[in-house]
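Here's the structure we're looking at; comments come further down.
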Amino acid sequence: MANRERRRELEQLEREVEDLQRLSSGVSSASELEKIREQVSELRREFYTHLGAWQRTQLARHPQRPYTLDFVRLLFTDFSELHGDRAFGDDPAIVAGFARFHGRPVLIVGHQKGRDTKQRVARNFGQAKPEGYRKALRLMKLAAKFGRPIFTFVDTPGAYPGLDAEERGQAEAIARNLQTMARLPVPIIVTITGEGGSGGALAIAVGDHVSMLENSVYSVISPEGCASILWRDAAKAELAAESLRITAKDLSDMGVIDEIVPEPEGGAHSDHEAAAQLLEPVLLRALDDLSSKSVPELLQLRYAKFRRMGQMANAVSG
């Protein structure tokens, strides 16, 4: 409730700033405008600092949030997209191709959602089918063959659950990716940029360094799905989001991810370029660190990283 009240206050102040910008013509108006701008900035910082899990889920799903191709445009050069799984067809929900990062040849794989209804339908709302995961795997194997590091960008509500996807082996395709990525002899750097939904996210997220943007989420199930199963009421999604511990801070505390990437004031959707600038040093540092390791060391550390997840201490009663 407090978040909603702060949000309403923030929106009211932002409207006042817009009105004053249109009407300001003198020094007094300019002075008042600057004062309100400071209030808006302070309130925005306060609001985004205390967001709950459900509010961060809404930000992770924001339609203006930067997607894989936005990060490709802002962080990489010489991108050449490749298509098809060489078995069935191409899947626009996953984009993949070779590029250069600070002059180094790399592979990029990521989910891609659309900005408008036509694009969203064409890219199936970022929900990949088996051919998407097989395309990603084909190119990751190619990258491994030529010793190119792999960058993946995760933003999907989950793998597509439709009948056609199941008929073409959705579960097998995801499982094959998990198995193969665990053994690829090149650095794999993963960034959760929006929604990290279930196996659909994990299928391109088995990596040596896994980071999350500050307002992204990562979970085995959506809050709505969890609420429908546990309480038989999707309206309890906010309660489910808190219970699932899906935020970047929660997952960092549990050791599931390695690093939280801060977002620009107002969220990544408000300034794509600033979001990319904040992510760039994280990616570069991870690449430098992982590139210095031998292949046996890289694979051993990756194996140990995922083996540690979910370990529970057994309670021994006297």
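Values as computed for the structure displayed
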quantity	calculated
Within the range 169-268, trypsin sites (Lys or Arg not before Pro) in DSSP loop having at most 14 other beta-carbon neighbours inside 10 Å	R183, R232
Signed unit charges on C-beta, dipole axis of the range 152-235, positive-most listed residue A227, I174, L163	I174
Chain lengthening between L163 and K293 when straightened (0.36 nm per residue, less Cα-Cα)	42.5 nm
Fully extended contour minus Cα-Cα distance, from F125 to H102, at 0.36 nm per residue	5.2 nm
Antiparallel bridge percentage (DSSP; both residues within the range 57-308; nearest 5)	40
Ascending count of other beta-carbon atoms within 10 Å, so fewest first, for S211, S243	S243, S211
Assigned charges on the beta-carbon of Lys, Arg, Asp, Glu; the range 191-318 dipole about Cα centre (debye)	760
³J(HN,Hα), Karplus 6.51/-1.76/1.60, whole Hz, each residue of the range 239-256, x for Gly, Pro	5, 5, 4, 5, 5, 6, 6, 9, 7, 4, 5, 4, 6, 5, 4, 8, x, 7
Estimated FRET transfer efficiency (R86, K118; beta-carbon r; R0 30 Å; 0.05)	0.60
Whether the range 57-308 is rounded, prolate or oblate, judged on the alpha carbon gyration tensor where a/c under 1.5 counts as rounded	rounded
Centroid-to-centroid separation of the range 173-248 and the range 125-164 [C-alpha atoms, Å]	15
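Values quoted throughout were computed directly from the atomic coordinates according to the rules given, and no laboratory measurement underlies them. Keep in mind it's a predicted model, so treat the numbers as computed, not measured. Methodologically, a virtual Cβ is constructed for each residue, glycine included, from the backbone with ideal geometry; neighbour enumeration extends over all protein chains shown.
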